[in-house]
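Worksheet: the structure to be examined is printed underneath.
The values are calculated or read from the model by the stated rules, or taken from the named source; none is laboratory data. Values in this document were obtained by computation on a predicted structure and should not be read as measured data. Neighbour counts run over all protein chains shown; Cβ positions are idealised from the backbone, glycine included. What goes into the accessible areas is simple: the full protein's heavy atoms, side chains included, and nothing from ligands, DNA or RNA. Shrake-Rupley method; radii C 1.70, N 1.55, O 1.52, S 1.80 Å.
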Amino acid sequence: MRVRLCFTKGPGVRFISHLDLMRTFERALRRGALPVALTQGYHPRPKLTFASALALGASSEAEYLDVELTAAVALMEIIRRLNDVLPEDLRVTAAGQVPADARPLMAVVDTAAYELRPIQPLSDGEWETLRLALEDLLKEQTLIVERVTKSGRRQVDLKPLILRAEVPGDKIWMLVRSGSRGNVRPDELLTLLQEEPARWQVHRVGLFIAQNGRLSSPMEEAGVVVDGS
Amino acid sequence: MRTELHTQVLPTVSRPARYLGNEYNSIRKDWAEVPLKMALAFPDVYDVGMGHLGLKILYHIINQREDALAERVFAPWTDMEEELVQRGLPLFSLESCRPLGDFHLIGFTLQYELSYSNILNMLHLAGIPPLARDRDDSHPIIIAGGPCAYNPEPLADFIDLFAIGEGEFLIDELLDLALGLLHSDRVPRDEYLLEAARRIRGIYVPAFYDVEYHADGRVAKIRPNRTGIPPRVRKQVVEDLDAAPYPDAFVVPYIDAIHDRATLEVFRGCTRGCRFCQAGMIYRPVRERQAATLHRQAEELIKNTGYEELALSSLSTGDYTCIEDLAADLMGRYRDQGVALSLPSLRVDSFKGELAEEIRKMRKTSLTFAPEAGTQRLRDVVNKNITEEDLLRGVEAAFAAGWDGVKLYFMLGLPTETEEDVVGIIELANKVLEAARRHRKGPRLKLSLSVSSFVPKSHTPFQWEPQAAMDVLEERQRLLTQGITRRRIELSWHDVRTSFLEAVFARGDRRLGRVLAKAAAAGCRFDGWSEHFSFDKWSQAFAECDLDPTFYAKRRRDYEEVLPWSHIDAGVTKGFLMREHKRALKGQLTGDCRVEECPGCGVCTRLGVAKRIVGD
């Protein structure tokens, strides 16, 4: 049974890295006595796949992971058992059963929405300046940033990857490509806006699958979805 | 403070999850509801300290009580320290983000001499005067325990009270006494220290002892300066480990900490009698836990932590009476949940084919053997009762069972060592590689040699021995690097200057307090981390205090000398240590009281605690 879980990552756990989060879920599944399928080999590991890594320091409204179970467990029961044993500020909000042949989460999720809020409040004037800066930025033909990876420096044009960005009141809102079809990190947008990323708090509002001109939730692939929130 | 931490500080430091304090199974009590507060301090970074079992045991015991709480604090990594200093924030406890100065008691665990500078630094960062004599009733009582407390003297200026021995029951005595004296939210310092030293076994308050020195710097006399203070402080021991409290839930770190796993302590103590080994002397007698107890603890720990690894821990796990049954049962019980069993500290001769096969089925780490010395002669000197045949048989069994690599531990500079013994290490390593090749081929085959330098420790038969000179140790390291030519053998060694400093503090007296204070003020911390260790700063501190470090590390002491720790009683008699020292020099082996006759170390009779072997 392949189960898709939607969970929130609250402020208390936003400094936990993706690798640490994976380990946290592996251990929570064991504490919850859920019959998780293990990989073969000398060093068996629970079969878990996450949709997308969240940057260290960011919180999230909706993250996703798929887990393979060796026996059927009621979806509501899975949510209950996990929420009983997850650390504070990690909460499973929904569960659904997805077909065994569904494509891997990380292959289908390609869009992310973020809200960025400043740690110290900005004045109305500062917000106005920021709004204009963002408008100007989005008028550019290309937005080249440099990324440092293990294999060296690489230039990436973010322009086609930023789907929407605006300043609706006291936050920056952005909808961007995320995952297999390219990626925009919130700190890259902030840097382009001449903002210091460390002065902003990043909150992921959602992860989506772009299909036929609309955005759908990864939960839509599941037949039955139980809302546990 | 928590808000500032989360919004301003954590985004800028490395591995911020070290400082969250909200890990699963962490315990946050209502500060206002609990009368007595104790901080459990580990003088190294979170990633290292979270692996320490003693800390977990004390955290559990204290937080089980309704009238007390325990919170953790670790040495902040250097980037975090900078942030704290720049922002004027005090060092805080993880659970409730309280400044350390708000606690009534702070307990440091002493695992390693090179973490002493971190203790001073942590007190300094907390705004607590590091010198005990500068503190008053408004400050916490600073307590320290653990293996290094068996020579507490170098820390005598800074620590109010040392707890010598095992803490499971001692901690309750310390808390009860503090609760009894607690008045207006303060523990009256003088009264507390005096009462503790008088009434609780294992308590050593350095301020209640005067030390006199000979003109040449040797200790002449150590004696109490108050009435009712014991002239010798005898360690506290737990009689029955099955009845001792043990945590049923470990705090589960988010980050990848060392020994991040469910740990069972299968027994305490080791009677093999390796003559360099302090743990083998101070944790006597051997006391095994019943298999039923271990099964129950494993069940609770896996259920409550969800760990993927269960470790059977002790000083020599293969010596546990029913090790094969226990290992097989536990492996069978948890295999389907993806929980692997690991057996650290296996000795060569306890390693048998079937067990090897079982462990390999769920291997996690490479296998480790510790022959310690390269020749039979030197192994006899240190009483490492292993022959070359034992080792080769063990290694062959391991490779036959499917391992690709083993790790061998050796020590350089053991008493009586010559170049011949160093060459012996090379020859032994080559033979092990040959043995491995009979079973394994291929690119993954690897033999790791980890070579440390011998550090003479207090309360061991080698406590009178000098440490080899640094240039001799370096020469022998060179001999090894030149002699190890095979590509499959990987050699690693320790910085001899680190081992030298360790040797100074392991057998130093309380005059070293001044050096420690100077070095800490000069910025020494994380001395066990090569990237932070500054031998120059230490040398400078010794020079400024007009103390010669070689006096402590490189001097042969005679049996009549009053050793700086002679007022600390670890249970084994001086006569036994002398006898063992003499036998060592003659290359005579001494048997293990588990299976052979009692060698007369004195622990059982003097402490009134018998060895406990399951099935006896």
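Every condition in (1) open to solvent by 60 Å² or more (accessible area, probe 1.4 Å); (2) more than 27 Å from B:Gln8 (Cα to Cα); (3) modelled with pLDDT of 95 or more holds for A:Thr111 except the one numbered (1).
Of all residues in the stretch A:94-118, count the ones that are part of a strand (DSSP E or B), more than 14 Å from chain B (Cβ to nearest Cβ) and out of contact with any helix residue (DSSP H, G or I) (no Cβ under 8 Å at 6 or more places or on another chain). Spell out the reasoning first.
Filtering the stretch A:94-118 down to residues part of a strand (DSSP E or B) leaves A:94-98, A:111-118.
Filter once more, so that each one left must be more than 14 Å from chain B (Cβ to nearest Cβ): A:94-98, A:111-115.
Retained after the next criterion (residues that are out of contact with any helix residue (DSSP H, G or I) (no Cβ under 8 Å at 6 or more places or on another chain)): A:111-113, A:115.
So the answer is 4.
Apart from one condition, B:Leu5 fits all of (1) at pLDDT 95 or above; (2) open to solvent by less than 40 Å² (accessible area, probe 1.4 Å); the exception is (1). If you go through the stretch A:181-188 one residue at a time, do you hit one that is over 20 Å from B:Thr7 (Cβ atoms) and without any contact (Cβ under 8 Å) to a residue 12 or more places away in the chain? No - not one qualifying residue is present in the stretch A:181-188. On the stretch given as the stretch B:434-444, residues that are at pLDDT 85 or above and either surrounded by fewer than 18 Cβ atoms within 10 Å (Cβ to Cβ) or under 24 Å from B:Cys277 (Cβ atoms) (or both) total 3. Within the stretch B:27-64, restricting attention to residues that are touching a helix residue (DSSP H, G or I) at 6+ places or on another chain (Cβ under 9 Å) and part of a loop (DSSP other than H, G, I, E, B), the residue that is surrounded by the most Cβ atoms within 10 Å (Cβ to Cβ) is B:Pro43. The residues of the stretch A:63-90 that are within 14 Å of another protein chain (Cβ to nearest Cβ), crowded, with 17+ Cβ neighbours inside 10 Å and outside any helix (DSSP H, G or I), listed by number, are A:Val67, A:Glu68, A:Leu69, A:Leu86, A:Pro87, A:Leu90. Restricting attention to the stretch B:258-314, the residues that are in contact with an Asp or Glu (Cβ under 9 Å, 6 or more places away or on another chain), part of a strand (DSSP E or B) and within 12 Å of chain A (Cβ to nearest Cβ) total 2. Among (1) away from every other protein chain (no Cβ under 14 Å); (2) basic (Lys, Arg); (3) closer than 23 Å to B:Tyr112 by Cβ; (4) open to solvent by 10 Å² or more (accessible area, probe 1.4 Å), which single condition is B:Arg72 missing? Of the numbered conditions (1) away from every other protein chain (no Cβ under 14 Å); (2) basic (Lys, Arg); (3) closer than 23 Å to B:Tyr112 by Cβ; (4) open to solvent by 10 Å² or more (accessible area, probe 1.4 Å), the odd one out for B:Arg72 is (4).
Condition check ((1) touching a residue at least 24 places away in the same chain (Cβ under 8 Å); (2) farther than 18 Å from B:Ile229 by Cα; (3) over 27 Å from the mean Cα position of the chain (by Cα)) across all residues:
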| position | (1), (2), (3) |
| --- | --- |
| B:Glu168 | yes, yes, no |
| B:Leu179 | yes, yes, yes |
| B:Arg186 | yes, yes, yes |
| B:Asp190 | no, no, yes |
| B:Gly202 | yes, no, no |
| B:Asp210 | no, no, yes |
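Evaluating B:Glu417 against the criteria (1) out of contact with any helix residue (DSSP H, G or I) (no Cβ under 7 Å at 6 or more places or on another chain); (2) acidic (Asp, Glu); (3) open to solvent by less than 60 Å² (accessible area, probe 1.4 Å) leaves one unmet condition, (1).
Which ranges mark the helices (runs of 4 or more DSSP H) fully within the stretch B:474-578 that have 2 or more residues being open to solvent by 50 Å² or more (accessible area, probe 1.4 Å) and at pLDDT 95 or above? Reasoning before the result, please.
On the way: elements: B:496-506, B:512-521, B:535-544, B:549-553.
Helices (runs of 4 or more DSSP H) meeting the threshold: B:512-521, B:535-544.
Examine the stretch B:354-375 for a residue that is at pLDDT 85 or above, part of a loop (DSSP other than H, G, I, E, B), out of contact with any strand residue (DSSP E or B) (no Cβ under 6 Å at 6 or more places or on another chain) and not aliphatic (A, V, I, L, M), and state whether such a residue exists. Yes.
Set side by side, the residues B:Arg232, B:Arg296, B:Arg287 differ, and just one is over 19 Å from the mean Cα position of the chain (by Cα), closer than 30 Å to B:Leu577 by Cα and either open to solvent by less than 10 Å² (accessible area, probe 1.4 Å) or of a type in the set (Lys, Arg) (or both), which is B:Arg232.
Note on the stretch A:131-145: among residues that are among the aliphatic types (A, V, I, L, M) and either part of a helix (DSSP H, G or I) or without any contact (Cβ under 8 Å) to a residue 12 or more places away in the chain (or both), the one that is least open to solvent (accessible area, probe 1.4 Å) is A:Leu134. Only residues that are assigned to a loop (DSSP other than H, G, I, E, B) and over 15 Å from B:Ile282 (Cα atoms) were counted in the stretch B:579-603, giving 14.
Take the residues in the stretch B:188-216 that are part of a strand (DSSP E or B) and over 20 Å from B:Pro140 (Cα atoms), then tell me which one is least open to solvent (accessible area, probe 1.4 Å).
Within the stretch B:188-216, the subset part of a strand (DSSP E or B) is B:203-204, B:209-213.
Now restrict to residues that are over 20 Å from B:Pro140 (Cα atoms): B:209-213.
Values: B:Tyr209: 5, B:Asp210: 77, B:Val211: 31, B:Glu212: 74, B:Tyr213: 76 Å².
Among them, the one singled out is B:Tyr209.
When we screen B:Gly608, B:Gly587, B:Gly615 for residues that are without any contact (Cβ under 8 Å) to a residue 12 or more places away in the chain, open to solvent by 20 Å² or more (accessible area, probe 1.4 Å) and at positive phi, the only hit is B:Gly608. Applying the criterion of being outside any loop (DSSP other than H, G, I, E, B), more than 11 Å from chain B (Cβ to nearest Cβ) and of a type outside the set (A, V, I, L, M) to the residues of the stretch A:1-41, the residue that is surrounded by the most Cβ atoms within 10 Å (Cβ to Cβ) is A:Cys6. Residues in the stretch A:185-229 that are among the acidic types (Asp, Glu) and more than 30 Å from A:Gln120 (Cβ to Cβ): A:Glu220, A:Glu221, A:Asp227.
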